Amino acid sequence: MIENQPSRGKTMDRKRKRRIHIIVSVALVIVGIVTMGALTASKSRLEKVQLPVPVPMVRVMEVTTGPQTITIRGEGTVNPLREISLVPQVGGKIVRISPAMANGGAFTTGQSLLAIDPVDYELAVTLAKAQVKDAESNLKIIQQEALVAQEEWRSHYPDTSHAVEEPPPLVAKKPQLAAARARLEASRADLEKARLNRKRTTLKAPFDGRVSKKYVDAGQYVVPGQTLATLFSTEVVEIALPLEDKTLFWFDVPGFTPDGESGSPATVHAEIAGRELTFLGKVIRAEGKVDEKTRMITVIVRVNKPYATKPPLAIGLFVTVDIRGRVLSGAAVIPRSALRQGNIVWTVDDAGILHFRTVRVARYQGEEVVVESGIENGETIVFSSLKAPTDGMTVRTVLEKE
């Protein structure tokens, strides 16, 4: 009985601890529930808010309508109007050559470019003069012989029946006279040819120009027909512009388009020696056929006195040419970015409402579009892009200058 008392005490202590643990756990749960309820009761109620729809912003510009000149742009290479080979008509040794006879050398009309040794040709002139004198003397002798023969013939036939008759041709030496006159004319022709050959020993420039390429020098022997140099004229240059057939509707081409006798003016833009220069030109003709491969028509623009400025509009330059075409009244020029697919532009009214407008396009000019009709003066058009544009939507605008 006395030995069981400690074990009972231990069992009672364990039960007491377990009850305490249970009470504490229940108390913690109750406190948590009460706290959660208090927090929930004190939480403010969320209300639904309707956010405003953002209004897209676009870049706009004001359109100005009025007379607009159609400009047709083309590109081509500057070519000389005349380019020839300098060729001698007589042979011999070159005894003198002009300083202008160098690659790129400039010369004027009538300037002596080179000379061939004229000694042989001067001797030929002297011999030809002697032959002329001899032929003239021979003709005079035959003429005197013919007069004597005619007098003798009349002395043998003194009666009146024969006095009025002319002596026979052989008696009057008419064949000999004709032959003598022919020899005199031939001698004079030889003299003229000799003088001409002597004159041809000096080669002169046929026009104002420059030397493209020189092939000979002083002391060299040349023969007739040999190319001595290549010369080109600097008085006028021409530029060939391949253009689409439909572009010829907008400007005048002499001999090709109606009322095109005068030819449209043109401005040539060239970049040379680090400078950008402009030259005034004129459309003078078109090659009278369409290129079978490209279906283009070549229009020729001419520029006078291209070497009058420094630097000049040199041969071989690749240039841009703007041809001034017809004038459209009441047209507008807008950026190409303002024209949408289907020839539609977006306009914005004073209330900021976007509208789709169909326009009539006259011509595309680089980054610009010439609109013939469909836009009024002072209207505002959009030239920026939108992701999902609709007719009638509201937009915010920013002028181009801003």
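The values are calculated or read from the model by the stated rules, or taken from the named source; none is laboratory data. Keep in mind that this is a model prediction, so the values were computed, not measured. Every residue, glycine among them, receives a Cβ derived from its backbone with ideal geometry; neighbour counts consider all protein chains shown.
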Requested in this report: Just need a number here: residues in segment 164-189 that are within 14 Å of Ile142 (Cβ to Cβ), surrounded by 14 or more Cβ atoms within 10 Å (Cβ to Cβ) and modelled with pLDDT of 75 or more.
Outcome: 9
Report task. Mind listing whichever residues of segment 345-360 are assigned to a strand (DSSP E or B) and of a type outside the set (Phe, Trp, Tyr)? Result -> Val345, Thr347, Val348, Ile353, Leu354, His355, Arg357, Thr358, Arg360
Query - Given (1) surrounded by 13 or more Cβ atoms within 10 Å (Cβ to Cβ); (2) in a strand (DSSP E or B), number of the condition Glu136 does not satisfy - result: (2)
Report summary line: Going through (1) of a type outside the set (Phe, Trp, Tyr); (2) assigned to a loop (DSSP other than H, G, I, E, B); (3) surrounded by 12 or more Cβ atoms within 10 Å (Cβ to Cβ) one by one, Gly316 fails only at (3)
Requested in this report: Within segment 254-290, count every residue that is under 16 Å from Gly74 (Cα atoms) and among the charged types (D, E, K, R).
Outcome: 4
Query raised in the report: Restricting the first residue to segment 173-192 and requiring it to be without any contact (Cβ under 8 Å) to a residue 40 or more places away in the chain and in the same structural domain as Ala135 (by TED's automatic domain parsing), which pairs with a second residue that is among the polar types (S, T, N, Q) and assigned to a helix (DSSP H, G or I) meet a Cβ separation below 9 Å and a spacing of at least six or different chains?
Result: Lys173/Gln143; Lys173/Gln150; Leu177/Gln143
Query raised in the report: Could you count how many residues in segment 99-143 are more than 27 Å from Asp217 (Cα to Cα) and either in contact with a Gly (Cβ under 6 Å, 6 or more places away or on another chain) or acidic (Asp, Glu) (or both)?
Result: 2
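For (1) under 30 Å from Lys293 (Cα atoms); (2) crowded, with 16+ Cβ neighbours inside 10 Å; (3) under 18 Å from the mean Cα position of the chain (by Cα); (4) at pLDDT below 95, each residue gets a yes or a no:
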| position | (1), (2), (3), (4) |
| --- | --- |
| Phe207 | no, yes, no, yes |
| Val237 | yes, yes, yes, no |
| Leu243 | yes, yes, yes, yes |
| Pro258 | yes, no, no, yes |
| Glu261 | yes, no, no, yes |
**Report entry** Residues located in segment 361-397, provided they are surrounded by fewer than 12 Cβ atoms within 10 Å (Cβ to Cβ) and in a strand (DSSP E or B)
**Finding:** Tyr364
